[in-house]
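See structure below.
The values are calculated or read from the model by the stated rules, or taken from the named source; none is laboratory data. Because the structure is predicted, anything quoted here is derived from the model rather than measured. Here the Cβ positions follow ideal geometry from the backbone for every residue, glycine too, while neighbour counts run over all protein chains shown.
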Amino acid sequence: MKNALSVPELVMEINSRTLVRLLSERLPKQGRRVLGLLLSGCSPEMTARMLGTGVRQVWLAEQTLKQRWDIPTGVPLSDAVRIRIPDVGPDISQQSALVKTGAGNAPDLC
């Protein structure tokens, strides 16, 4: 198997490519900065502090991005665009099966 990745490596690669794709879109400067900070794990409060704005401005920017990408209201932005590895224990075959099942459910992503 050429270029075989482990499950954690595959998840990191997908998340990295997703982040690059989202940040390469034409977004206002403030929207791009908010997106980058929120996806890096900063809370809205910390993002507001780092950008020197209010939490409401960060929330509005996040809502605008969610509306742009048709993300439901109750789903956090970071959860909608990132893949998380499920806790299934140390058995790598179970992890591989979960990833294959998830990939099979989304054939139009390639």
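Counting only helices (runs of 4 or more DSSP H) that sit completely within the stretch 27-86, those holding 3 or more residues that are at pLDDT 85 or above and over 22 Å from SER16 (Cα atoms) correspond to 44-51, 55-68.
Of everything in the stretch 27-54, what is more than 21 Å from VAL75 (Cα to Cα) and among the polar types (S, T, N, Q)? Give them in sequence order. Hits for the stretch 27-54 are GLN30, THR53. Within the stretch 61-82, the set of residues being among the aliphatic types (A, V, I, L, M) and surrounded by 14 or more Cβ atoms within 10 Å (Cβ to Cβ) comprises ALA61, LEU65, ILE71, LEU77, VAL81.
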